[in-house]
1. Which one, GLY163, GLY106, GLY31, has the greatest fluctuation when you compute a Gaussian network model over the chain with C-alpha springs under 10 angstrom?
2. Segment 72-123 to segment 217-277: how many Å between their Cα centroids?
3. I'd like the GluC sites (Glu not before Pro) in segment 164-215 restricted to DSSP loop residues with at most 12 other Cβ atoms within 10 Å, sorted by number.
4. For LYS169, which sequence-distant residues (separation of 5 or more, or a different chain) have an amide H within less than 5 Å of its own amide H, given hydrogens modelled in the peptide plane?
5. Is it possible to state the helix-based mean residue ellipticity at 222 nm for the chain, with each DSSP H run of 4+ residues giving -39500 (n - 2.57), the sum divided by total residues, to the nearest 500 deg cm²/dmol? What is it?
6. For the modelled label position 7 Å from the Cα of ARG232 along Cα-to-Cβ, which residues of segment 165-204 have backbone nitrogen atoms closer than 12 Å?
7. For ASP261 and VAL171, what does the FRET efficiency come to when R0 = 51 Å and r is the distance between their Cβ atoms, rounded to the nearest 0.05?
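Please treat every number below as a calculation from the coordinates, not as lab data. Owing to the predicted nature of the structure, the values given are computational and were not obtained by experimental measurement. Note that we place each Cβ from the backbone using ideal geometry, even for glycine, and neighbour counts take in every protein chain shown.
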Amino acid sequence: MLSHARLAVWGDPIEHSLSPRLHAAAYRALGLDWDYGRQRVDVPGFDAALAALDSSWRGLSLTMPLKGVAHAAARARDRAAELTGAVNTLLLTADGPRGFNTDVGGIAADLQALGLAGLDRARIVGAGATATSALVGLASLGVRRVEVTARRREAIAALEGLGERLGVKVVPLSFGAPSDEVPLTFATLPGGARLAEPDAEALAAGGGVLYDVVYGHWPTVLASAWQRRGERAIPGIGMLVRQALLQVRVFVREDVEAPLDREDAVLAAMQAAVTGD
């Protein structure tokens, strides 16, 4: 194992990222003297910034808006990255960057930890990149029917095609349209997204448990609608931690499926770093 390595999270904006805190806690728990920083990088500057890295660099975490250009830069990709067209993790090797999408595994692992695996149907709110990872994550847990609620019908078309590949029936819905009851609603809207209260209330009615990927702007409009009804609303901090744990696997083991030594202790350290528990 490398005695020293450099890593960072890139994105634009990047100041809000909790990744340095999460990764620093993981490498301390593993006894590794690795440096993990952050850098503001936009799409036009991505290729030049990547080319400027020397052999001391082990890997990168990528946040918005870089997941697409990171996918294009990767010489090889895991299945989750291929399915979603998004890479949030680059392992820098002598043969070129290897790309991974750990959001998918992070979603699935957190839903399992919360007792929300084994469902046959669910709803996704939103149709962007996170919705794509959510669909793949839900499919991996056995969900076979997913309603997707979005403002633009055409935005759901790509998810319908992906659903066909995954064996999942994707049902497109607009906000306010009649919908079936579901045991889980997975919200992928950005924290600052505007959503009319009547639409939020309609989604909360028969929406089961709410899992909202937002964690910094809590409660969201959707979470408030769920809470008014006395229903369970869960922020996405667990997804953030668990996808970061999978990134640590990639950087340390070079394999997203290979558990770390004392992984439970590493996970606990990462959780404490962002929750204070």
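1. With Cα springs under 10 Å in the chain, the top fluctuation among GLY163, GLY106, GLY31 is at GLY31.
2. Their Cα centres are 14 Å away from one another.
3. Qualifying residues, ordered by number: GLU181.
4. ARG145, VAL146
5. On the way: 11 runs with 110 residues, N = 277.
-11500 deg cm²/dmol, from helical runs alone.
6. Backbone N within reach: 183-185.
7. Numbers: r = 44 Å, r/R0 = 0.85.
Rounded to the nearest 0.05, the efficiency is 0.70.
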